[in-house]
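Report on the following structure.
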Amino acid sequence: MRKKNLIAGVDEVGRGCLAGPVFSAAVILNNNINTNVIKDSKKINFKKRILIADYIKKNSIFSVGIASVKEIDKINILNASLLSMKRAIDKLKIKPTLVYIDGIFIPKDINFKCKTFIKGDENIPCISAASIIAKVSRDIFMIKLANKYTKYNWHKNYGYGTKDHLLGLKKYGVTKHHRKKFKPVHNILLVNKHKT
């Protein structure tokens with residue numbers, strides 16, 4: 001990998017979830033990687049995403065940053081997402097000369113030149129690669145969590161507010177992994193509070 005012009009792509013996943021942390025990844029792709037296989041993580045099925053993530057990891061410098069549910073509830077999801085991005089960037093073993101970020105916001109206190117891209121995960125390979133690494137990392141985290149919390153189907157919905165997840169919430173209540181400030185979770189907490 002050439003030292004000049006090292007561009008890191010950064011993206012986050014899990015902003016819209018009702019449970020679990022938000023994950024971000026920062027990825028500097030090797031020059032010889034086949035970017036044709038790298039697409040927006042939302043457009044790739046689970047099994048293929050894992051294979052592509054492994055391919056990216058073998059042909060890049062990458063890191064993952066996380067912001068916890070407590071941090072999400074404390075500083076809000078946007079700031080927590082930006083914090084997870086900053087953590088991913090800071091953890092890179094080789095420092096980039098430029099950082100490409102999906103969206104319109106740049107994390108605070110970043111000591112690198114940054115550029116933002118709307119729909120960067122669809123159009124810019126290093127950001128697409130970051131979206132894949134972040135998505136796979138978070139999905140695996142939620143699948144492991146689902147082994148302990150079997151009633152919410154996190155192994156299928158990964159913490160998003162799907163019908164089965166909302167049914168689980170209503171029937172079994174709120175766990176420590178749920179985001180208390182998110183409306184569906186907050187409303188259930190209010191209902192349960194009025195019952196007592």
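Derivation of every value follows stated rules applied to the coordinates shown; laboratory data play no part. Computed from a predicted model, the values in this text were never measured in an experiment. Using ideal geometry, Cβ is built from the backbone for each residue, glycine included, and neighbour counts are taken over all protein chains shown.
Once you order the gyration tensor axes a ≥ b ≥ c over the Cα atoms, which shape class does segment 15-87 get: rounded for a/c under 1.5, otherwise prolate or oblate by comparing a/b with b/c?
On the way: a/c = 3.03, a/b = 1.85, b/c = 1.64.
Here segment 15-87 falls in the prolate category.
Treating only the Cβ of Lys, Arg, Asp and Glu as charged (+1, +1, -1, -1), what charge dipole size does the chain show about its Cα centre? Round to the nearest 20 debye.
That gives a dipole near 460 debye.
Kindly provide log₁₀ I(q)/I(0) values, in the same order as q = 0.09, 0.10, 0.18 Å⁻¹, from the Debye equation applied to equal alpha-carbon scatterers of segment 2-137.
-0.22, -0.27, -0.91
Mind jotting down the distance between the C-alpha centroids of segment 135-190 and segment 1-45, whole Å?
Computed from Cα coordinates, the inter-centre distance equals 24 Å.
Kyte-Doolittle mean at least 0.0 and Cα extent at least 30 Å along the axis: which DSSP H helices of the chain qualify?
Qualifying helices, which must be both long enough and hydrophobic enough, are 125-146.
Suppose every Lys and Arg Cβ carries +1 and every Asp and Glu Cβ carries -1, with no other charges. What dipole size does segment 60-99 come out with about its Cα centre, to the nearest 20 debye?
The calculated dipole for segment 60-99 is roughly 160 debye.
What value, in deg cm²/dmol to 500, does the helix sum -39500 (n - 2.57) over DSSP H runs of n ≥ 4 give at 222 nm once divided by the residues of the chain?
On the way: 8 runs with 88 residues, N = 196.
Helix-only estimate at 222 nm: -13500 deg cm²/dmol.
Running a GNM on the chain with Cα contacts under 10 Å, which residue among Asp73, Asp109, Asp164 ends up with the highest mean-square fluctuation?
Maximum among the listed residues: Asp109.
For Ile104 and Leu190, compute 0.36 nm times the residue count separating them, minus their Cα-Cα distance, and round to one decimal in nm.
27.6 nm
Of all alpha-carbon pairs in segment 84-179, indicate the percentage at a distance above 15 angstrom.
Values: 3117 of 4560 pairs.
Roughly 68 percent, rounded to a whole number.
Under unit Cβ charges (Lys, Arg +1; Asp, Glu -1), what dipole magnitude, rounded to 20 debye, does segment 111-196 have relative to its Cα centre?
Its charge dipole is roughly 500 debye.
With unit charges on the beta carbon (Lys/Arg positive, Asp/Glu negative), name the residue among Thr162, His186, Pro21 whose Cα is farthest towards the positive pole of the charge dipole of the chain.
With unit charges placed on the Cβ atoms, the residue in question is His186.
From the backbone phi of segment 112-124, what are the Karplus-calculated ³J(HN,Hα) couplings (6.51 cos²θ - 1.76 cosθ + 1.60, θ = phi - 60°) in whole Hz, Gly and Pro given as x?
Ordered by residue, 3J(HN,Hα) equals 10, 5, 10, 10, 9, 9, 6, 6, x, 5, 8, 10, 10 Hz.
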